[in-house]
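Student: Take this structure first; my questions come after.
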Amino acid sequence: MTSEQQAIFEKENDHLLQKVRQFPLLLNFWKQTYSIENLCLPENYPLVEDILAFQEGYAFSSVVTEKLIGEKDGDFRDSWLVIASNYFADPFFIDFNDAKENFPVYFAFHGAGKWTPIQIADSISEFQEILNKIFENRFDSNYLESFLKELTSSGNEFWDEVYQNVLDMSDYTEEEQNEKNDESDWREAEVYIIDIGPNKMKIVSLLKEVYKLSGTEALQMSKQNRILYHKGPYKWIQSSARELESLGATIEIVTL
């Protein structure tokens, strides 16, 4: 990214950030997020201060000046904002035009060649409440099956897939889930980025947060051939590894 492109990016990020800050509902959603072991559900959330970087791959390409938005059927719309993504980088988004309706939440499958929105909640607050219930009862398969079955009753494609994933899950209690973790999960390990992949600005944004860098410093770090991203118990670096891979980065995990 050239210095001119960087300046454009920072200006557009500031503009989008000002827009987002007008809506407490959006800010409240990001204050309480849930990462749930179900590949369909939200796993990645934006850093509010770098909200534009989270739109990479949806509203624009890795070159910020190359917009991907349009008004034709199947285009990503200028009024849409990605508020989260799942393991597969499928986006969860709202439409700024729906502000008076308290932002219904939409989902679309990534890589389908066109964006086909599926409304999955009547408001962003309702979506957050649904995620909370799933998270709080994540070890109660009977509750989850009953709760999610109600959401699939209208034939919603997204919730049907979530429901099917729950049916396929192993039935562990919370205690059993903890006990099944092998001691090897606690060995020290490191995650390295060896190729940042196509979503450059999202990786830059992550580096900026992890290392508390300026945008310029993070951009410079992203050019290194091998970047240490996370060090800790093997068990806890897995979420970092999945996040990087979902953005298209090539990683290396080294156990110590």
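The values are calculated or read from the model by the stated rules, or taken from the named source; none is laboratory data. These figures come from a predicted structure and were not determined experimentally. Note: ideal-geometry Cβ built from the backbone for every residue, glycine included; neighbour counts use all protein chains shown. The area values use the complete protein model at the heavy-atom level, side chains included, leaving out ligands, DNA and RNA. Shrake-Rupley method; radii C 1.70, N 1.55, O 1.52, S 1.80 Å.
Student: At R0 = 35 Å, how high is the FRET efficiency between residue 96 and residue 194 if r is their beta carbon distance? Nearest 0.05 is fine. Each step should come with its number before you reach the end.
Tutor: Details: r = 38 Å, r/R0 = 1.07.
The calculated FRET efficiency here is 0.40.
Student: Which value at 222 nm does the chain reach when only helices count, each DSSP H run of 4 or more adding -39,500 (n - 2.57), with the total divided by all residues and rounded to the nearest 500 deg cm²/dmol? Mind dumping the intermediate values first?
Tutor: Values: 9 runs with 101 residues, N = 256.
Rounded to the nearest 500, the figure is -12000 deg cm²/dmol.
Student: Among 109, 85, 51, whose Cα lies farthest out toward the positive end of the dipole of the range 49-121, if unit charges sit on the beta carbon of Lys, Arg (+1) and Asp, Glu (-1)?
Tutor: 109
Student: Probe radius 1.4 Å, ligands and nucleic acids ignored: give me the carbon and sulfur share of the accessible area of the range 71-118 as a rounded percent. All intermediate terms of the calculation are to be shown ahead of the outcome.
Tutor: On the way: 1030 of 2230 Å².
For the range 71-118, the apolar C and S fraction of the accessible surface comes to 46 percent.
Student: Note down the nm distance, to one decimal, between modelled labels 7 Å out along Cα→Cβ at residue 223 and at residue 88.
Tutor: A separation of 3.7 nm, rounded to one decimal place.
Student: Now, a different point. Sequence neighbours fewer than 8 away in the same chain don't count; with that in mind, list the lysines whose C-alpha is under 19 Å from residue 31.
Tutor: 19, 133
Student: Excluding ligands, DNA and RNA, what is the solvent-accessible area per residue of the chain at a probe of 1.4 Å, expressed in Å²?
Tutor: Values: 13570 Å² over 256 residues.
Here the residues of the chain average 53 Å² of exposed surface.
Student: Defining a contact as two alpha carbons under 8 Å apart and six or more residues distant in sequence, what relative contact order in percent does the chain show? Show your work: numbers first, answer last.
Tutor: Values: 385 pairs, mean separation 39.7, N = 256.
In percent, rounded to a whole number, it is 16.
Student: If you take the alpha carbon radius of gyration of the chain and divide it by 2.2 N^0.38 Å, what ratio comes out, to two decimals? Don't skip to the end; give the middle numbers.
Tutor: On the way: Rg = 19.0 Å, N = 256, 2.2 N^0.38 = 18.1 Å.
Dividing the Cα Rg of the chain by 2.2 N^0.38 Å gives 1.05.
Student: Also, quick follow-up: Of the cross-linked pairs 72/202; 200/231; 149/200, which ones have a Cα-Cα span greater than 31 Å in the structure shown?
Tutor: On the way: 72/202 26 Å; 200/231 22 Å; 149/200 39 Å.
Beyond 31 Å between Cα atoms: 149/200.
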